[in-house]
Amino acid sequence: MRTGTEKHVLGLSGGRDSAALAIYMRQHHPELEIEYFFTDTGKELPEVYEFLGRLEGFLGKPILRLNPDRDFDFWLKQLNNYLPSPQARWCTRKLKIHPFEKWVYPMIDEGATVYSYVAIRSDEEYREGYSSKSDSLVVKLPLKDAGIDKAGVIELLDGAGLGLPAYYSWRTRSGCTFCFFQQKIEWVRLKERHPDAFEEAKTYEKTAVEHGSPFTWSQGESLEQLEKPERIEQIKRDYEKRLTRLRSNTQINPLRPDHEPLDIDELYGQTKVCLACHK
Ligand code: SF4
């Protein structure tokens with residue numbers, strides 16, 4: 001690669017915002033030769049792969065799969081079976097960020113400037129993400145710069161005929177099936193939609209607790225406790241209550257009355273997500 005070469009990369013998470021960004025770039029910057037990539041933890045929902053497949057159809061080119069050389073099980077064992085958590089988020093580092101860096105830094109070492117397009121919307125703050133360790137890795141935020149908010153993202157997806165990823169009917173973030181950022185209602189729904197993935201998460205948790213891990217997947221209780229019928233009922237009731245309250249406090253935009261479905265995190269007041277996994 002010659003010094004002075006420019007490369008353009010765009011990471012897809014299998015989620016709504018990064019897919020909308022890919023559509024936006026295709027429509028507004030067709031002159032750029034963008035390499036689309038997806039860092040695959042091996043623990044993704046089947047709906048993610050299905051959505052990526054449809055997106056590839058729209059983009060007319062394959063999305064590169066970046067696989068970590070060591071998988072989740074390897075790192076879990078290395079880390080004494082301690083589950084990842086918001087306080088110790090080794091999963092993102094090992095399974096998302098390192099594979100990206102391993103792919104992108106050789107380009108920089110060969111003299112390229114790499115532009116990395118990240119899906120931050122205009123209605124969000126840019127808190128953390130692929131913070132660049134090199135002047136030759138330049139982070140760009142085209143959705144934010146173009147004033148595209150959540151409703152704008154949905155319009156882009158609808159306009160391209162893609163719509164939302166199928167998991168949005170029960171979960172509003174992409175990422176690992178067992179991501180600890182999930183709300184309790186999402187665990188309940190994971191159990192209902194993907195019982196095998198829920199069982200796998202339970203097994204990981206059991207081993208972790210046996211090895212002294214201070215973390216369970218969901219704060220304050222194990223999945224075995226969470227899946228008790230009376231607890232599930234309680235979680236569902238709490239969810240409905242929050243939904244009713246938020247709906248009654250939300251003003252409908254008359255220009256876009258059908259848009260902006262409520263995200264689960266909005267109900268629980270969680271706004272911090274991992275850009276590498278969930279956008
Ligand atoms: S989706 Fe969640 S569990 Fe998976 S790598 Fe990201 S933060 Fe970790």
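Leaving out same-chain residues fewer than 8 places away, which lysines sit with a Cα under 23 Å from that of Lys184? Candidates past the 8-residue exclusion: Lys43, Lys202, Lys206, Lys228, Lys236, Lys241, Lys272, Lys279. Given only helices, namely DSSP H runs of n ≥ 4 each adding -39500 (n - 2.57), what is the per-residue ellipticity at 222 nm of the chain, to the nearest 500 deg cm²/dmol? Taken over the chain, the calculation gives -12500 deg cm²/dmol. With N as its number of residues, the stretch 6-278 has a Cα radius of gyration that, divided by 2.2 N^0.38 Å, comes to 1.03. Distance between the modelled labels on Glu33 and Trp75, one decimal in nanometres: 3.1 nm (7 Å Cα→Cβ projection). Modelled spin-label separation between Arg237 and Glu155, with each label point placed 7 Å from Cα along the Cα-to-Cβ direction: 4.2 nm. Which net charge results when you count Lys and Arg as +1 and Asp and Glu as -1 among the other residues whose beta-carbon is under 12 Å from that of Ser218? That sum, taken over residues with Cβ under 12 Å, equals -1.
When peptides 198-207, 74-83 are ranked by their average number of other Cβ atoms within 10 Å per residue, the highest-first order is 198-207, 74-83. Which aspartates and glutamates have a Cα less than 13 Å from the Cα of Lys144, not counting those fewer than 8 places away in the same chain? Those aspartates and glutamates meeting the cut-off are Asp17, Asp123, Glu124, Glu125. Note on the chain: GNM, Cα springs under 10 Å; of Arg245, Arg121, Arg16, the largest mean-square fluctuation is that of Arg245. If a spin label sat at a point 7 angstrom from the Cα of His98 along the line to its beta carbon, the backbone N atoms of the stretch 28-42 nearer than 19 Å would be those of 38-42. Our coupling estimate for the stretch 20-26, obtained by passing each phi through the Karplus curve with A = 6.51, B = -1.76, C = 1.60 and θ = phi - 60°, is 5, 5, 4, 5, 4, 5, 5 Hz, Gly and Pro reported as x. Once both labels are positioned 7 Å from their Cα atoms along Cα-to-Cβ, the gap between Asp196 and Asp109 label points is 3.8 nm. Which one of His28, Phe198, Pro165 is farthest out on the positive end of the charge dipole of the chain, using unit charges on Cβ (Lys, Arg +1; Asp, Glu -1) and the Cα centre as origin? Positive-most Cα among the choices belongs to Phe198.
Bear in mind that the values in this text are calculations on the coordinates, not laboratory data. Because the structure is a prediction, the values reported are computed rather than measured. Virtual Cβ from ideal backbone geometry, glycine too; neighbours counted across all protein chains shown.
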